[in-house]
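All remarks here apply to the structure that follows.
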Amino acid sequence: MRSIFMQFNGVEVFFLLCAVVGGIFVLTRLILQFIGIDHHGDGDFGVDGPHLDAHHADSDVGFKILSIHGLTSFLLMFGLVGLALYRQSKMGTLLSMTGAVAAGLASVWMIGKLFSLVAKLQSSGTITIDSTVGAEGRVYLTIPEDGTGRVLINVRNSLREYDAASVDHKTIKSDTPIRVVWVDGNVLVVERI
């Protein structure tokens, strides 16, 4: 083991250790993700214990960059590129360090972009009352003249029940097909189809 490190000088050992430490954490994280024991980002590590709330509205972007994913990828790329530049390309220490830092920062930037793209794929699944405008459905409980009844509306392939009033202020009987014209507070204003 000692003879392996004898062929490297101090700068090369530094780059090699950074690459090994970063690589071990990246590999461990991948293995844990494949077997289903990965960290989900919300404080729940998949074991019984304290649940940490990591979803603060005032969190700083700097803390998102300084994540385990970012730090391990920085170390891995810093070490690999630094070692390659110093040992294979015979660049000096300063140029090797500069290239290694640039490669590490590029990998952190790429990880950040990947996570932001994945985050954009997520949806809360919340259906707001405003998203019912233009949706069609049926009267569930008769809408009386100048009053409110109940309607069943299909919104984004989900059946929802809302209070509703007639757009022309006339009675609409149960099971009549309707369309939402606009929303007035928490009441849908509907018309016959």
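The values are calculated or read from the model by the stated rules, or taken from the named source; none is laboratory data. Quick caveat: nothing in here was measured; it's all calculated off a predicted structure. Note: ideal-geometry Cβ built from the backbone for every residue, glycine included; neighbour counts use all protein chains shown.
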Checking Phe115 against (1) surrounded by 14 or more Cβ atoms within 10 Å (Cβ to Cβ); (2) at pLDDT 85 or above; (3) farther than 30 Å from Val13 by Cβ, the condition it does not meet: (2)
Taking region 88-115 and keeping residues of a type in the set (Gly, Ala, Ser) and touching a Lys or Arg at 6+ places or on another chain (Cβ under 9 Å) leaves Ser96, Gly112
Take the residues in region 1-52 that are modelled with pLDDT of 65 or more, more than 27 Å from Ala119 (Cβ to Cβ) and among the aromatic types (Phe, Trp, Tyr); name whichever of them is surrounded by the fewest Cβ atoms within 10 Å (Cβ to Cβ). Phe8
Pull up region 112-144, narrow it to residues that are touching a residue at least 40 places away in the same chain (Cβ under 8 Å) and under 19 Å from the mean Cα position of the chain (by Cα), then point me to the one that is farthest from Lys170 (Cα to Cα). Gly112
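Please determine, by comparing only the residues of region 168-193 that are assigned to a strand (DSSP E or B) and touching a helix residue (DSSP H, G or I) at 6+ places or on another chain (Cβ under 7 Å), which one is surrounded by the fewest Cβ atoms within 10 Å (Cβ to Cβ).
Taking region 168-193 and keeping what is assigned to a strand (DSSP E or B), we get 172, 177-184, 187-192.
Checking which are touching a helix residue (DSSP H, G or I) at 6+ places or on another chain (Cβ under 7 Å) leaves us with 180, 183, 188.
On the way: Val180: 24, Val183: 17, Leu188: 28.
So, considering only residues that are assigned to a strand (DSSP E or B) and touching a helix residue (DSSP H, G or I) at 6+ places or on another chain (Cβ under 7 Å), the one surrounded by the fewest Cβ atoms within 10 Å (Cβ to Cβ) is Val183.
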From the list Ile193, Ile178, which residue is modelled with pLDDT of 95 or more and farther than 30 Å from Ser73 by Cα? Ile178
